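This structure is in structure tokens; I'll ask about it shortly.
Laboratory data are not the source of any read-out in this text; all were calculated from the coordinates shown. What you are looking at is a predicted structure, and each value in this text was computed from that prediction instead of being measured. Ideal geometry is used to build each Cβ from the backbone, glycine not excepted, and the neighbour counts take in all protein chains shown.
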Amino acid sequence: MRTDAADEPFQFRLSTLLVLPVFVAVFFATAQLLDPCMAVALMIPAVLVVVGFRRRTSIWDILPLTVVLVVIGGVFLGFIVSDMSPEPARRSQCCNNLKQIGLALHNYHDRYHSFPPAYVADVTGRPIHSWRVLLLPFLEQERLYDCYRFDEPWDGPHNIQLVKDMPAVFRCPSDQTREGTCTSYVAVIGPETAWPGERTVSFSDIVDGTSNTWLVVEVADSGIAWSEPRDLHVLQMAPEINAPAGQGVSSKHPGGAQVLFADGSVRFMAGADSPQPGLDPKTIHDALTISGGEPPPQDW
């Protein structure tokens, strides 16, 4: 006597195994677009409906397959989440931002035979334009650069309207506590640095070596509008990274901050909140000078 398909116990067959990767792929896609928990919640009824419809069997018979799919999807998603959690992705984007800035600074140097000045001053010596504005054409921001007026200061009636158009490259994605007009990347200005002020510096001036000299650093919650001709002064900054009191090289990344070197490389420097020893004040000072003659550290 022939038994109806609905009365047959559920069995794993080749067709079942072929369908398995499809459900796993859908699970991953849903987890990326929505949320891992939401993906699990949606996949369970989906598996029950699809497999139950094909087999014309009861929910309880296909429950083992559902459990297997959810467990496999959860294990693989765990591996993905561990490698692609939000902070590592943001830190990677922050590193990419600094690399773009470094490339733009090198291209600026190729054209003008020096890095841009930290600021452009008016006849009274007051800073009115930032190096970040001068760098715009080298960051594929020609339209914004053309809109900027150099016949008025950065906070003049026309230019102040452009502050809201800050290019994304000037902001670390982890630094979201202030309004989106403040930059996360600043120059360390002052005597003996690569940014002495209105005067420019070229590669030949960096006697200590471009791989040993810091060019741009992260500063979390800087409060500096991206087009504002204001940066971090070497004589006023904290002598450590991620100092509890702030006012220095810092970031929203746990354990340190990223630094752009004059050779275009970007490296993560351990801070005061790192389980590893952070850089001592002398090493930080030496890295900011361009011709101090100090021996470079054995390992950054």
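Quick one: the Cα spread of the stretch 106-209 along its three principal axes, in angstroms, biggest first?
Its Cα atoms span 39, 37, 25 Å along the three principal axes.
If you don't mind, there's one more thing I want to ask. How high is the relative contact order of the stretch 201-300, in percent, counting Cα pairs under 8 Å that sit 6 or more residues apart?
About 32 percent, as a whole number.
Also: Give the lysines whose C-alpha is closer than 28 Å to that of K282, dropping any in the same chain fewer than 8 places away, or say none.
Excluding near neighbours in sequence, the set is K99, K252.
Another question, then. Using Stokes-Einstein with the Kirkwood hydrodynamic radius over Cα pairs, what translational diffusion coefficient do you get for the stretch 159-204 at 4 °C and a viscosity of 1.567 mPa s, in µm²/s rounded to a whole number?
Stokes-Einstein gives a translational diffusion coefficient of 101 µm²/s.
Starting with the highest mean, order 223-230, 266-273 by the number of other Cβ atoms within 10 Å, averaged over the residues of each peptide.
In decreasing order of mean packing, 223-230, 266-273 become 223-230, 266-273.
Give me, ordered by chain and number, the residues 5 or more places off V216 or on other chains with an amide H under 5 Å from its own placed amide H.
L260
³J(HN,Hα) across the stretch 249-264 via Karplus (A = 6.51, B = -1.76, C = 1.60, θ = phi - 60°), whole Hz, x for Gly/Pro?
So the Karplus estimates, Gly and Pro as x, are 5, 7, 7, 8, 7, x, x, x, 8, 9, 10, 8, 8, 5, 7, x Hz.
If we sort 242-250, 276-284 on the protection proxy, mean other Cβ atoms within 10 Å, highest first, what's the order?
By packing density, highest mean first, the sequence is 242-250, 276-284.
Give me the percent relative contact order of the stretch 163-246, please, defined on Cα pairs under 8 angstrom at least 6 residues apart.
Result for the stretch 163-246 is 36 percent.
Also: Modelled label-to-label distance, S291 and R149, 7 Å Cα→beta-carbon offset: nm?
Result: 4.0 nm between the two label points.
Still on this structure, I have one more. If R₀ is 30 angstrom, what is the calculated FRET efficiency for the pair D110 and K282, using the beta carbon separation as r and rounding to 0.05?
Rounded to the nearest 0.05, the efficiency is 0.35.
Sticking with this structure for a sec: Taking the simple approach of a point 7 Å from Cα along Cα-to-Cβ for both D273 and S211, what is their distance in nm?
3.1 nm
Name the residues whose placed amide hydrogens come within less than 5 Å of the amide hydrogen of M269, ignoring near sequence neighbours (fewer than 5 apart) on the same chain.
A257, Q258, V259
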